[in-house]
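Here, each number is a calculation from the coordinates, and none is a lab measurement. Only a predicted model underlies this, so the values are computations on that prediction, with no experimental measurement involved. Every residue, glycine as well, gets a Cβ built from its backbone with ideal geometry; the counts of neighbours run over all protein chains shown.
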Amino acid sequence: MSASIPSASAQRATAAPPSPEILVRAASLSFGGDVLFDGLDARFAGARCTCLLGPSGVGKSSLLRLIAGLIAPGAGGEVAAGDGRPIAGRAAWMSQSDSLMPWLSARGNVAVGARLRGDGMRAALARADELLARVGLKGREADRPAALSGGMRQRVSLARTLFEDRPFVLMDEPFSSLDAITRLQLQEEAARLLQGRTVVLVTHDPLEALRIGHRVLVMAGRPAILSAPIDPPGDPPRDPADPRVLALQGELLHRLTQAKAAA
Amino acid sequence: MIALRAFATFAGLVVLWQIAVAAFALPPYMLPSPLRVAGTLWERADILWENARYTAIEIVIGLVLGVAFGASCALTLMASRLARRWLLPVLLASQAVPTFAIAPLLVLWFGYGLASKIVMTVIVIFFSVASAFYDGLRRTDPAWLDLAQTMNARPWRTLWFLRVPAALPALGTGIRVAAVFAPIGAVIGEWVGASRGLGYLMLQANARMQVDVLFAALLVLAVFAVALYALVDAGLRRAISWDADRLPPEH
């Protein structure tokens with residue numbers, strides 16, 4: 001994989017140094033004798049969004065959990081950041097289910113990390129309100145999740161991810177439970193708000209990957225390997241009607257069909 | 001609406017009862033008629049009220065302490081591996097001992113007054129609270145725990161701000177069960193040794209063949225038990241209102 005050149009627009013809005021790349025080396029993982037991957041190498045460019053596609057059960061989510069430090073990379077395996085420090089503890093996590101706590105308000109949910117770490121809550125709640133406004137939920141700060149629609153809940157979840165303000169953002173099918181229009185809107189917002197961070201996003205939707213990924217990888221086989229990268233032209237978020245995006249979508253669908261047949 | 005239906009069923013049963021007593025010409029010392037029980041309820045209201053008040057105090061204090069003790073047990077088990085390994089087996093085994101069998105001991109240790117009844121109530125109810133709450137604490141959604149881990153949460157804060165609130169509905173279930181069993185604990189305590197209380201009154205009335213007094217006391221106890229449950233249930237629904245959507249409507 002070629003090294004990517006960070007552009008000015010890719011820098012995080014804050015003055016933080018550019019987010020480092022993520023390196024996975026010789027990672028192995030098996031579940032009950034079923035080898036998901038064996039000696040897997042991967043590199044996710046710094047301050048870029050990499051989308052991971054592949055058939056169900058191929059190990060995409062497991063790779064993401066491995067990067068997050070939620071599971072170990074196996075004997076001899078290693079997950080490291082480009083700056084040499086570990087990733088665990090510096091990654092924000094966003095999953096398919098919004099995982100909002102039903103007893104907390106939208107504001108409380110966004111700031112739940114501060115609560116769990118024991119940080120000062122006054123500043124945290126003020127920042128949570130700012131972030132909720134940025135994801136378009138001004139005025140809903142005090143609402144409990146049950147009072148919000150699926151799209152709004154996922155927006156709260158996105159705000160909570162931003163609240164953590166981590167250089168790495170790991171997302172596991174974050175928009176797959178949403179209707180098509182809400183999904184398009186949220187993809188656009190996420191691409192905009194997460195600019196400058198090293199994002200790894202697992203998805204089932206080729207168009208989503210092409211819309212918001214600087215790079216798209218297909219994971220396939222058992223043990224799984226990663227395909228040659230696809231770098232769609234232009235900066236994300238891309239127009240879903242762009243003919244180049246649509247052409248690439250056709251190619252991706254073709255690759256995914258092959259991957260599924262091979263599985 | 002529910003109160004109306006409950007009342008209708010109750011009234012129907014009372015009518016049946018009156019008819020049965022008249023039809024089979026049952027003597028009052030076997031089964032007094034509802035009219036006779038109502039008369040006793042009115043005539044002996046002072047005695048019934050005084051004893052009922054005493055029993056109510058035992059039940060309420062026992063319930064509060066039992067819930068507090070049960071919840072503390074669950075938290076201790078959750079927080080400490082040592083407690084899980086050494087305390088949990090004892091806790092489970094303790095439930096094999098029939099509470100009736102230790103009631104005389106409690107009277108010996110804590111006397112004929114309030115204390116022995118309160119301890120009895122606590123013993124009867126704490127386990128249902130502890131087991132329901134502990135179960136809830138262990139069943140925290142793994143997705144929340146993953147999230148907490150990536151947020152570098154502190155273990156104690158994860159317990160207090162994540163596991164405990166997530167387990168409140170389970171704790172509520174335990175408290176509802178406790179509210180049902182608390183009156184039983186108090187009355188057992190009174191049967192074994194007491195100088196006041198509805199259980200004491202029932203025992204005395206039974207010995208003197210005053211079956212109408214026994215029935216009147218029973219009625220007062222039943223009304224109090226139902227009222228206590230309704231109050232606890234309403235309080236819990238209000239306190240854990242975020243869980244209301246997930247609770248099926250009751251009726």
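What dipole magnitude, in Debye to the nearest 20, does the stretch B:45-242 give about its Cα centre under +1 on Lys/Arg Cβ and -1 on Asp/Glu Cβ?
On the way: 15 positive and 9 negative charges, 152 e Å.
The calculation lands at about 720 debye.
Within 10 Å of each Cβ of A:134-140, how many other protein chain Cβ atoms are there on average?
0
Equivalent-ellipsoid semi-axes (√(5λ), Cα gyration tensor) for the stretch B:113-251, whole Å, largest first?
Semi-axes (√(5λ), whole Å): 41, 17, 9.
Order the peptides B:231-240, B:48-57 from the highest to the lowest mean number of other Cβ atoms within 10 Å of their residues.
With the highest mean Cβ count within 10 Å placed first, the list reads B:48-57, B:231-240.
Between helix B:198-207 and chain B, what is the angle of the helix's C-alpha long axis to the longest principal axis, kept within 0 to 90° and rounded to the nearest 10?
The answer is roughly 40 degrees.
For helix B:2-24, what angle does its Cα long axis make with the longest principal axis of chain B, in degrees from 0 to 90 and rounded to 10?
Orientation of helix B:2-24: about 30 degrees from the principal axis.
Can you give the Rg and Dmax of the stretch A:35-110 based on its C-alpha atoms, in angstrom?
Reported Rg and Dmax, both Å: 14.9, 44.
Could you order peptides B:75-83, B:90-98 by the average number of other Cβ atoms within 10 Å of their residues, highest first?
Going from most to least packed, we get B:75-83, B:90-98.
At q = 0.07, 0.14, 0.18 Å⁻¹, what is the log10 ratio I(q)/I(0) for chain B, with the Debye formula run over Cα points and no solvent?
-0.33, -1.02, -1.33
With a cut-off of 8 Å between alpha carbons and a minimum separation of six or more residues, what is the relative contact order of chain B in percent?
27 percent.
Can you give the Kirkwood hydrodynamic radius for the stretch A:82-219, in Å, rounded to one decimal and based on Cα pairs?
15.4
Per-residue Cβ counts within 10 Å, from other chains only, averaged over B:138-146: what number is that? Don't jump to the answer; show the numbers that get you there.
Values: counts 0, 0, 0, 3, 2, 7, 5, 2, 7.
So the per-residue partner count for this stretch is 3.
Express the relative contact order of chain A as a whole percentage, based on alpha carbon pairs under 8 Å and six or more residues apart in sequence.
It rounds to 26 percent for chain A.
On each of the three principal axes of the Cα atoms of the protein assembly as shown, give max minus min coordinate, whole Å, ordered largest first.
If we take the Cα atoms of the protein assembly as shown, the spans are 99, 49, 48 Å.
Taking the C-alpha atoms of the stretch A:205-257, how large are the radius of gyration and the largest Cα-Cα span, Dmax, in Å?
Cα only, the stretch A:205-257: 11.1, 35 Å (Rg, Dmax).
Gap in Å between the Cα centre of the stretch B:188-246 and the Cα centre of the stretch B:89-113?
The two parts, judged by their Cα centres, are 21 Å apart.
Can you tell which of A:A247, A:S19, B:S131 lies farthest toward the positive end of the dipole of the protein assembly as shown, using +1 and -1 charges on the Cβ of basic and acidic side chains (Lys, Arg; Asp, Glu)?
A:S19
Taking N as the number of residues in the stretch A:44-161, what is its alpha-carbon radius of gyration divided by 2.2 N^0.38 Å? Don't skip to the answer; put the middle values down first.
Working: Rg = 16.5 Å, N = 118, 2.2 N^0.38 = 13.5 Å.
In units of the 2.2 N^0.38 Å rule of thumb, it is 1.23.
Averaged over peptide B:227-239, how many Cβ atoms belonging to another chain are found within 10 Å of each residue's Cβ?
0
What fraction of the Cα pairs in chain A, stated in percent, has a spacing above 33 angstrom?
Cα-Cα pairs of chain A separated by over 33 Å account for 19 percent.
Helix by helix, which DSSP H runs in chain A go 18 Å or more along their axis at the Cα atoms and have an average Kyte-Doolittle hydropathy of -0.5 or more?
For chain A, where a helix must reach 18 Å along its axis and average at least -0.5, the hits are A:121-134, A:150-163, A:180-193, A:243-262.
Relative contact order of the stretch A:98-165: what whole-number percent is it, with Cα pairs under 8 angstrom and at least 6 residues apart?
On the way: 80 pairs, mean separation 32.1, N = 68.
That works out to 47 percent.
If you look at just the Cα atoms of the stretch B:75-129, how large are its Rg and its Dmax in Å?
Just the Cα atoms of the stretch B:75-129 yield Rg and Dmax of 13.4, 39 Å.
As an exercise, take the mean of 1/r over every pair of distinct alpha carbons in the stretch A:98-165, invert it, and state the Kirkwood radius in angstroms.
11.3
So, by mean Cβ neighbours within 10 angstrom, what's the order for B:192-203, B:214-225, A:234-245 with the highest one leading?
Highest to lowest by the protection proxy: B:192-203, B:214-225, A:234-245.
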